[in-house]
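Worksheet for the structure shown next.
The values are calculated or read from the model by the stated rules, or taken from the named source; none is laboratory data. In this text, all values refer to a predicted model and were calculated from it rather than measured experimentally. Please note: Cβ atoms are built from the backbone with ideal geometry, for glycine as well, and neighbour counts cover all protein chains shown.
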Amino acid sequence: MVEQLRQEQEPEQEPKQAPKRVSVRLPAPAARMLRSALAAAAIIAISWGVIYLGAARADQAARHNLLMRARASAALLDPGDIADLIQHASGPSPTSSETFVRVLDRLRALCETSDDARFVYIVIPVDGQVVAILDSEPEDSPNYSPPGQSMYPATPGQMALFASVAAGVEGPRTDPWGTWITAYAPITANGGNSPVAFLAMDVDASAWPKYSLVQWAPIFLTVAFLAALAVFMVISRYNRESRHARYLAERDYLTGLANRAALIRAIDRAILQAKKGKPSALLAIDIDNFKALNDTLTHSMGDEILIAVAEHVKTLVRKTDLVARVAGDEFAVLLRGVVRNEALVTAERIRSSLENLRFEVRGMPVYLTVSTGLTEIGRDMHTRDVSMHADIALAAAKEAGKNRVVFSPAYVSPADNGKSETHSDTLAIEAALQSGRLLVYLQPIVPIAGAQPDGSDCRRFEALVRMVGPDNDVVTAGRFVPVAEGLGLIPQIDMWVLDQVIDLLSTQPGVKIAMNLSARSIARPSFLEQVEAKVASSSIGQGQLCFEITETAAMGNVSEVRSWMNRMKELGCTFGIDDFGAGHSAISYLYELPVDVVKIAGNVVQSMRDDSSGALIVEAINSVSHVLGARTVAECVEDEECLAALQGMGIDFGQGYYFARPMPADEALT
């Protein structure tokens, strides 16, 4: 898998050549979408042009019609009467004459018989102003213009019209009463060339065809809607095709799982999340002896097995995890947001489930096993490093006999001789088990809340394993236990520690010792049976032996683990939840499992120094534990200030360098 990922990220370098001029072409879907958008824009533009031309023609016809009506109306007026009105327009009472009344009645009749004329009046131009001679409006109307009053300034177009002594239509014109299209028709005597005055007819511009396209709006909106709908359909089709293309580019053609390219991107994102403190892990899973199985059956039946394995693995992980097919019979699972113990439990669950599963291909039963390599994803890792570590662990699982899970720490890298540090560590751990080079160290667990909660005066310790290295130096558990746990050697180490602790307790009746059991050990029913048998045959006293497990150790099968814990409690053992508060702790495990002690994780205890929320978390864990009848132990107590804070919260026990460092068992018990 690492070679494939490397090839994916580092394509071959070709010899440099002179730059060539290349034409840039849009992808076919993008070109289709662009053409459709341009077509829609053209449709809208043409539609608007047709509407505008139609409006212009309607405007021309309306102006001609208005002009003809104005001329006909002007011909109905007596020029002599109009001249008389002009002469008396500035007099004391111009509205009292018979002439005024007669012409006014005629104007009002013309206004009433016109469908669209709002105002009908007679005007003359005077010094650039349009002056009213007679207005058809009632005198009490706010729109009434009395004789001799200037109505509005004449525009250059109106002045040219008045000077030409011809009829015409002007506007739109805006005045205090609104916006108007106005027709002016000269009132002339028979045979005269100079008009006496002009008859004006105002039509509201809002109802004028060219300036109001309301009548064309349905057509325009319909065309625009159809064009927009066409564009939308094209874009939707393009999006569907793009999504489908991306799906095919990121999916394995046979199983439908994510492919190698999708896995690379997912690992990159997981590394970014690791930089933010959110851990992840990668499983490399390979079907054991698949080539022989594929050769025995037909290749099409082999494909059916791969599909069945893919579907089954998907049911064993969360929806947030990514399952990918990397090569022929090699799969990968990216576990997001998990710590090492959780990843080990999931990997073991997958291995065990596939081992016990009966596949049926075309009526033929098929049984198979898988080897799994596991690595954590660190914040400073590269994608190639992640896949390399998973491959190293997978190879170690194959070399160790297949059908197992092997863990590769994030720091593992090939040595100069081509062999990984994991290979050397494996040899050293096996040698230590066989030659007795493992040691049991004890670290005191001290009551800090006054008298011991159970009223006893027993000394309490935690058993910690050490290894004598090749140079006779003492190697701490943090350096070899993760490797041993990943390589499947941790159950042997746990069993060895149990033997040593039973021997110590058999000779120390006033001592209580707690020892850790790993998730890998608890996941094996045969291991639990051996532990039960050893404790039952020993002579240790009631409550002397405490087993510490993490809450993730019981995730695989809570009911089975709870049943075993109850049987062990009948034999006098107690149980503690170790590192509570680290990783994905769940309060539910405190009441689902028969727990006697809750050990608060050291990083949570240390967080009280810099973060007030750390103290609240510790206090909350202590309160919940006491409510459920469990005692609490605070790990990593390193100074008096921390001790005082824990005492103030009512924590039962403390453990850390402030009291004592881990020491050889004989030294601790003297």
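Might you check whether a residue that is out of contact with any helix residue (DSSP H, G or I) (no Cβ under 7 Å at 6 or more places or on another chain), within 23 Å of residue 396 (Cα to Cα), modelled with pLDDT under 90 and not in a loop (DSSP other than H, G, I, E, B) occurs anywhere in the stretch 356-365? Walk me through it before giving the result.
To start, the set of residues in the stretch 356-365 that are out of contact with any helix residue (DSSP H, G or I) (no Cβ under 7 Å at 6 or more places or on another chain) comprises 356, 358, 360, 363-365.
Right, trim to within 23 Å of residue 396 (Cα to Cα) and you get 356.
Then drop every residue that is not modelled with pLDDT under 90, which leaves 356.
Filter once more, keeping what is not in a loop (DSSP other than H, G, I, E, B): none.
Checking the stretch 356-365: not a single residue is out of contact with any helix residue (DSSP H, G or I) (no Cβ under 7 Å at 6 or more places or on another chain), within 23 Å of residue 396 (Cα to Cα), modelled with pLDDT under 90 and not in a loop (DSSP other than H, G, I, E, B).
A quick yes/no check of all residues on (1) assigned to a helix (DSSP H, G or I); (2) crowded, with 16+ Cβ neighbours inside 10 Å; (3) more than 46 Å from the chain's Cα centre (by Cα); (4) of a type in the set (A, V, I, L, M, F, W, C):
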| residue | (1), (2), (3), (4) |
| --- | --- |
| 501 | yes, yes, yes, yes |
| 512 | no, yes, yes, no |
| 515 | no, yes, no, yes |
| 521 | yes, yes, no, no |
| 528 | yes, yes, no, yes |
| 531 | yes, yes, yes, yes |
Which condition from (1) more than 22 Å from residue 522 (Cβ to Cβ); (2) crowded, with 22+ Cβ neighbours inside 10 Å is the one that residue 405 breaks? (1)
Would a scan of the stretch 342-365 turn up a residue that is buried (at least 21 other Cβ atoms within 10 Å of the Cβ), in contact (Cβ under 8 Å) with a residue 12 or more places away in the chain and polar (S, T, N, Q)? yes
Considering the stretch 487-510 alone, what residues qualify as being in contact with a Lys or Arg (Cβ under 9 Å, 6 or more places away or on another chain) and within 20 Å of residue 536 (Cβ to Cβ)? 491, 494, 495, 498, 499, 502, 505, 508
Under 9 Å by Cβ, and 6 or more places apart or on different chains, what pairs join a residue from the stretch 590-602 that is touching a residue at least 60 places away in the same chain (Cβ under 8 Å) with one that is surrounded by 22 or more Cβ atoms within 10 Å (Cβ to Cβ) and assigned to a helix (DSSP H, G or I)? 597/625
Breaking point among (1) at pLDDT below 95; (2) in contact with a strand residue (DSSP E or B) (Cβ under 8 Å, 6 or more places away or on another chain), for residue 655: (1)
Just give me the residues in the stretch 652-669 being free of Cβ contacts under 8 Å to residues at least 60 places away in the same chain and either among the hydrophobic types (A, V, I, L, M, F, W, C) or assigned to a loop (DSSP other than H, G, I, E, B) (or both), in sequence order. 656, 657, 658
Output the residue which, of all residues in the stretch 383-420 that are modelled with pLDDT of 80 or more and at positive phi, is farthest from the chain's Cα centre (by Cα). 402
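Residue by residue, here is whether (1) modelled with pLDDT of 80 or more; (2) surrounded by fewer than 22 Cβ atoms within 10 Å (Cβ to Cβ); (3) assigned to a helix (DSSP H, G or I) holds:
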| position | (1), (2), (3) |
| --- | --- |
| 463 | yes, no, no |
| 467 | yes, no, no |
| 472 | yes, yes, no |
| 495 | yes, yes, yes |
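Does residue 637 satisfy being β-branched (Val, Ile, Thr) and surrounded by 18 or more Cβ atoms within 10 Å (Cβ to Cβ)? Even if it seems obvious, please write down each step before you answer.
Working: β-branched (Val, Ile, Thr): yes; surrounded by 18 or more Cβ atoms within 10 Å (Cβ to Cβ): yes.
Judged against the criteria, residue 637 is a match.
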How do the pairs read when you match residues in the stretch 499-528 that are farther than 20 Å from residue 631 by Cβ with residues anywhere that are among the basic types (Lys, Arg), using Cβ under 7 Å and keeping only pairs 6 or more apart or on different chains? 502/534
Which one is surrounded by the most Cβ atoms within 10 Å (Cβ to Cβ) among residues in the stretch 50-79 that are touching a residue at least 24 places away in the same chain (Cβ under 8 Å) and not hydrophobic (A, V, I, L, M, F, W, C)? 73
Is there a residue being closer than 17 Å to residue 282 by Cα, assigned by TED's automatic domain parsing to the domain that holds residue 295 and part of a loop (DSSP other than H, G, I, E, B) anywhere in the stretch 396-409? yes
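This table checks each residue for (1) modelled with pLDDT under 75; (2) within 30 Å of residue 187 (Cα to Cα).
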| position | (1), (2) |
| --- | --- |
| 207 | yes, yes |
| 234 | yes, no |
| 237 | yes, no |
| 261 | no, no |
| 269 | no, no |
| 284 | no, no |
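When you look at residue 51, is it within 30 Å of residue 180 (Cβ to Cβ) and either more than 37 Å from the chain's Cα centre (by Cα) or modelled with pLDDT of 60 or more (or both), yes or no? First the steps, then the outcome.
Numbers: within 30 Å of residue 180 (Cβ to Cβ): yes; either more than 37 Å from the chain's Cα centre (by Cα) or modelled with pLDDT of 60 or more (or both): yes.
Considered against the rule, which asks whether it is within 30 Å of residue 180 (Cβ to Cβ) and either more than 37 Å from the chain's Cα centre (by Cα) or modelled with pLDDT of 60 or more (or both), residue 51 comes out as yes.
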May I ask you to verify whether residue 286 is assigned to a helix (DSSP H, G or I) and either out of contact with any His (no Cβ under 9 Å at 6 or more places or on another chain) or outside the structural domain of residue 396 (by TED's automatic domain parsing) (or both)? no
Would you confirm whether any residue within the stretch 641-657 is surrounded by 14 or more Cβ atoms within 10 Å (Cβ to Cβ) and over 12 Å from residue 448 (Cβ atoms)? no
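Given the structure, is residue 181 in contact with a strand residue (DSSP E or B) (Cβ under 9 Å, 6 or more places away or on another chain) and more than 12 Å from residue 67 (Cα to Cα)?
The answer is no for residue 181.
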Given the structure, is residue 308 in contact (Cβ under 8 Å) with a residue 12 or more places away in the chain and either at positive phi or buried (at least 23 other Cβ atoms within 10 Å of the Cβ) (or both)? no
Checked the stretch 166-181 for anything surrounded by 16 or more Cβ atoms within 10 Å (Cβ to Cβ) and either of a type in the set (Asp, Glu) or in contact (Cβ under 8 Å) with a residue 60 or more places away in the chain (or both); matches are 167, 168, 169, 170, 180, 181
Of the residues in the stretch 267-299, those that are surrounded by 21 or more Cβ atoms within 10 Å (Cβ to Cβ) and not hydroxyl-bearing (Ser, Thr, Tyr) come to 267, 270, 279, 281, 282, 283, 284, 285, 286, 287
